[in-house]
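Notes follow the structure.
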């Protein structure tokens, strides 16, 4: 009788929420398809990162990782969907710097990035390049700063849209150096790049992938690139530090996040597998050699601190430069 009672007690405990069952579900993770939400359209930088990393995660986890593009409002709609999904590790999101810019530029954001989301794994950074139209009489970063200070309000800088990463990068540069330039928003990076080559605008900050394409036309000059080292995509372009502006960084961040109640065991598992995936030569060929991404894996805590620091940085820029998005 005692044996039967002890067995019944054990079985009852296993059925209670928060006792033994979660340990079994976490140990079995993952046992079905993982949805990797992306807040930008197919073919965007974030989408490419999500698919390349997702493919390697699928191989390592033994389950499909399916990218779902949920576009609109600079990835905040996608993030809201992830927050509302069950916190079981089967709905994740590949984020970019847009997720840390959003709290700074949107007045009516439905969620708090730091309170309602959990940082899982940093993937890396895509350097941003300061470019000018070839007709501008400057040959290097120092000459650009001198020219901009001597001609306040006369330089127009473009962006992919108000509050976008290209806008905030140029705004941060203007704030840091005390420059007065006029912002001209376009509907995407492509139109902004075309405007720079046509001379409609004189200045643009964009990622190395698109910058390299523009520089090849000989109608655009690259003056400096963010990051700790020169970009493989533009090896002749000095870093901002080399050009004389230390501690300036407006690189685009990429990483993976989930909803706030994601089990710690799942967070650690995904973080570990992402770190291993980033060592893969095939992945590095796609993202580093071809895409110019600088891989920076780390712990969930390091990624959370990065997100917190980024939010504070962009809030300061948005406040001082008066930037608000619709």
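Things to note:
- Entirely in the stretch 49-163, the strands (runs of 3 or more DSSP E) that have 2 or more residues that are farther than 16 Å from residue 202 by Cα: 65-69, 91-96, 117-126
- Within the stretch 164-181, the set of residues being in contact with a helix residue (DSSP H, G or I) (Cβ under 8 Å, 6 or more places away or on another chain) and surrounded by fewer than 24 Cβ atoms within 10 Å (Cβ to Cβ) comprises 164, 172, 174, 175, 177, 178, 179, 180, 181.
- Pairs with Cβ under 6 Å, 6+ apart, first in the stretch 254-270 and farther than 14 Å from residue 122 by Cα, second buried (at least 21 other Cβ atoms within 10 Å of the Cβ) and at pLDDT below 95: none
- Selection count where residues are more than 18 Å from residue 240 (Cα to Cα) and out of contact with any strand residue (DSSP E or B) (no Cβ under 8 Å at 6 or more places or on another chain), scope the stretch 165-202: 7
- Any hit, the stretch 269-285, residues being under 18 Å from residue 133 (Cβ atoms) and not in a helix (DSSP H, G or I): no
- Tally of residues being touching a strand residue (DSSP E or B) at 6+ places or on another chain (Cβ under 9 Å), surrounded by fewer than 16 Cβ atoms within 10 Å (Cβ to Cβ) and closer than 11 Å to residue 41 by Cβ across the stretch 68-86: 1
- Count of the stretch 240-267 residues which are in a helix (DSSP H, G or I) and either surrounded by 21 or more Cβ atoms within 10 Å (Cβ to Cβ) or touching a helix residue (DSSP H, G or I) at 6+ places or on another chain (Cβ under 8 Å) (or both): 5
- Restricting the stretch 297-323 to residues that are part of a loop (DSSP other than H, G, I, E, B) and in contact with a helix residue (DSSP H, G or I) (Cβ under 9 Å, 6 or more places away or on another chain), the residue that is nearest to residue 166 (Cα to Cα) is 323.
- Contact annotation: no residue pair with Cβ atoms under 6 Å, 6 or more positions apart or on different chains, pairs a residue in the stretch 62-90 that is more than 10 Å from residue 35 (Cβ to Cβ) and not assigned by TED's automatic domain parsing to the domain that holds residue 114 with a partner that is at pLDDT below 95 and in a loop (DSSP other than H, G, I, E, B).
- Given (1) crowded, with 20+ Cβ neighbours inside 10 Å; (2) at pLDDT 95 or above; (3) closer than 26 Å to residue 229 by Cα, index of the condition residue 270 fails: (3)
- Screening the candidates 237, 228, 209, 288 for the property of being assigned to a loop (DSSP other than H, G, I, E, B) and either surrounded by fewer than 21 Cβ atoms within 10 Å (Cβ to Cβ) or modelled with pLDDT under 95 (or both) yields one hit, 228.
The values are calculated or read from the model by the stated rules, or taken from the named source; none is laboratory data. These numbers come from a predicted model, not from an experiment. We place every Cβ from the backbone using ideal geometry, glycine too, and count neighbours over all the protein chains shown.
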